[in-house]
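Have a look at the structure below, then the notes.
The values are calculated or read from the model by the stated rules, or taken from the named source; none is laboratory data. Everything numeric here is computed off the predicted structure, so don't read it as measured data. Cβ placement follows ideal geometry from the backbone for every residue including glycine, while neighbour counts extend to all protein chains displayed. Protein only, heavy atoms only, side chains kept; ligands, DNA and RNA dropped before computing areas. Shrake-Rupley method; radii C 1.70, N 1.55, O 1.52, S 1.80 Å.
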Amino acid sequence: SSVRGRYSDFNIQGRGISRPNILDEKSIAGRKGKNSLLDLAKMISTENKGLIDSAIQRINETKQASYGVSPTHNQYWIGDYTQHQRPAYSFNVRTVSDRTKRTETGNKENLFGTFLPDGSTNIQRSGKEYFNIMPLWEWDKIPGITSRDFEKDQPLTAQWGEMGSTAFVGGVSDSLYGALAYDMDYNDVKAKKATFFFDKEVVSLGAGIKSIASENVVTTINQSWSNGKVITAENGQIGTVKNEKNSPDVNWVWHDSIGYFFPAKGKLSISNKIQKGSWKKINAAYSNEEISGTVFKMWFNHGAHQSAASYSYITVPGISSEEMKSYNIKDVAILSNTDSIQAVEHFGLQMIQVVFYKPGQVFGKDISISANKPCVVLLKKVGRDISISVADPTHKLSEVVLVINSKITDSEKELICTFPQGHFAGSSANFNLKL
């Protein structure tokens with residue numbers, strides 16, 4: 001579902017993102033005695049009555065946002081949209097390829113959504129983290145995106161959308177876990193952006209970040225409503241951010257029950273200040289009245305005229321500030337973060353996820369994986385049994401050859417993986433292997 005608790009993911013709204021209250025889905029649950037959309041859904045899909053009843057209770061807020069939520073991972077290979085759901089949180093990502101349109105403006109709506117599809121991440125726990133925040137957003141720091149840092153928000157000039165510019169965009173899914181790749185090339189910024197989805201952790205990697213522009217290039221981690229303390233750990237020292245902080249030595253940040261770990265650190269900026277705006281600024285149909293609120297905003301500053309910048313961060317939603325101090329982030333290992341291969345191993349899940357932008361090989365703790373063509377791979381080990389999911393983000397390949405080497409059994413297995421074709425091109429294919 002793209003609805004967490006009562007509120008929807010901002011990534012699914014199109015130009016409607018610029019309308020007040022658009023994320024509030026209260027109306028689809030209806031009122032007692034009246035048929036709502038979900039009431040009608042129960043009539044049509046009687047086998048899913050329990051699931052729909054749970055959704056109604058979440059939207060009506062008679063149950064918590066986690067109630068009845070099952071772990072799922074969906075890669076929408078046609079729409080360039082990724083949805084990762086756990087009882088504790090949802091983490092969804094919007095990308096764009098040369099098969100889809102970036103985002104739309106029209107009727108003088110969504111006037112500044114220029115960078116919305118460049119890897120925007122919607123991270124929700126309660127659901128209301130972004131509700132009606134859009135007039136206050138700094139629009140080149142939408143959560144998850146990599147962009148030039150402009151002095152003023154950049155207006156969206158292509159009416160009704162423009163096509164994306166790259167083919168290698170998409171991900172792999174086994175229905176519970178997945179990995180996403182976004183080969184970005186827009187507005188004089190290039191980057192290889194990948195996201196790796198597990199149970200408690202989501203790993204975000206960027207590599208090969210290039211720009212010829214004079215503005216600094218930034219990658220924004222989040223920009224949501226401020227809710228309570230912002231706590232940081234910097235070289236072992238715990239502190240709080242009152243207004244703003246800039247440091248290259250931050251180990252982790254905690255805010256609003258979400259933890260962010262920085263295994264390679266990086267030039268990090270944190271803002272926890274009042275921001276101002278109006279609905280009219282982003283949608284001409286609405287009021288010019290100034291509104292304000294305190295916004296939590298966090299980003300990497302990669303600098304200007306970059307040729308090979310990178311970033312890494314691990315998001316852990318649903319964690320207390322005390323748990324942050326002893327959290328075993330070493331269960332997650334970043335195996336590679338280059339413009340050729342981005343890969344993560346999760347020791348607890350015995351899983352490796354890899355984005356091969358080029359043919360190559362990646363080495364895990366006990367297993368190495370090589371691919372003879374660009375692809376995205378998910379490998380899960382249970383004893384000597386290996387389940388493999390693989391996808392072709394370009395939608396153009398017929399097959400890929402994977403070679404799996406095991407240090408434990410001292411064996412090598414070659415697997416010829418055929419990709420789905422036609423309408424299913426870009427979707428995941430699943431295979432099993434015994435080492």
What number comes out for the charge environment of residue 299, summing +1 per Lys or Arg and -1 per Asp or Glu over other residues with Cβ under 9 Å away? +1
Extent along principal axes [Cα atoms of the stretch 351-422; Å; largest to smallest]: 38, 20, 18
What dipole magnitude, in Debye to the nearest 20, does the stretch 292-435 give about its Cα centre under +1 on Lys/Arg Cβ and -1 on Asp/Glu Cβ? 40 debye
In Hz, Karplus ³J(HN,Hα) per residue of the stretch 396-407 (6.51, -1.76, 1.60; θ = phi - 60°; x = Gly, Pro): 10, 8, 9, 7, 9, 9, 9, 10, 10, 10, 10, 6
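I'd like to check one number: the per residue accessible area of the stretch 241-398, probe 1.4 Å, reported in Å² as a whole number. Show your work: numbers first, answer last.
Values: 6650 Å² over 158 residues.
Value for the stretch 241-398: 42 Å² per residue.
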Nitroxide proxy distance, nm - points 7 Å out along Cα→Cβ at residue 288 and residue 414: 7.1 nm
Lys/Arg +1, Asp/Glu -1 at C-beta; the chain dipole; positive extreme among 316, 294, 266: 294
Explain nothing, just the number: dipole magnitude of the stretch 41-109 about its Cα centre with +1 on each Lys and Arg Cβ and -1 on each Asp and Glu Cβ, in debye rounded to the nearest 20. 60 debye
Compute the distance from the alpha-carbon center of the stretch 296-318 to that of the stretch 244-258, in whole Å. 12 Å
Spatially proximal aspartates and glutamates relative to residue 434 (Cα-Cα < 14 Å; intrachain offsets below 8 disregarded): 385, 410, 412, 414
Any chance you could list P(r) for the stretch 320-366, counting all Cα-Cα pairs in 10 angstrom bins from zero, rounded to whole %? 26, 41, 24, 9, 0
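Tell me what the chain gives for mean residue ellipticity at 222 nm when only DSSP H runs of n ≥ 4 count, each as -39,500 (n - 2.57), the sum divided by the residue total, rounded to 500 deg cm²/dmol. Mind dumping the intermediate values first?
Details: 5 runs with 31 residues, N = 435.
Calculated at 222 nm, the ellipticity per residue is -1500 deg cm²/dmol.
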For semi-axes √(5λ) of the Cα gyration tensor in Å, several values are listed as [x] 60, 23, 19; [y] 33, 27, 23; [z] 52, 30, 20; flag the one computed from this structure. [y]
Can you list residues whose amide H is under 5 Å from residue 426's amide H, if they're 5+ apart or on another chain and H is modeled 1.01 Å from N? 392, 395
For the stretch 137-146, Karplus couplings with θ = phi - 60° (6.51, -1.76, 1.60), whole Hz, Gly/Pro x: 4, 8, 7, 9, 10, 5, x, x, 7, 10
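On the accessible surface of the chain, probed at 1.4 Å, how many percent belong to carbon and sulfur atoms?
Details: 9040 of 18190 Å².
Roughly 50 percent of what the probe reaches on the chain is carbon or sulfur.
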May I ask for log10 I(q)/I(0) of the stretch 83-224 at q = 0.10, 0.16, 0.19 Å⁻¹, from a Debye sum over the Cα atoms as equal point scatterers with solvent left out? -0.33, -0.88, -1.23
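Please list 1-8, 176-183 highest first by mean number of surrounding beta-carbon atoms within 10 Å per residue. Walk me through the intermediate numbers first.
Values: 1-8: 21.8, 176-183: 25.6.
Output ranking for 1-8, 176-183: 176-183, 1-8.
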Treating the beta-carbon of each Lys and Arg as +1 and of each Asp and Glu as -1, no other charges, what is the dipole magnitude of the stretch 210-318 about its Cα centre, to the nearest 20 debye? 80 debye
Given H placed on each backbone N at 1.01 Å, which residues far from residue 339 in sequence or on other chains put an amide H within less than 5 Å of it? 208
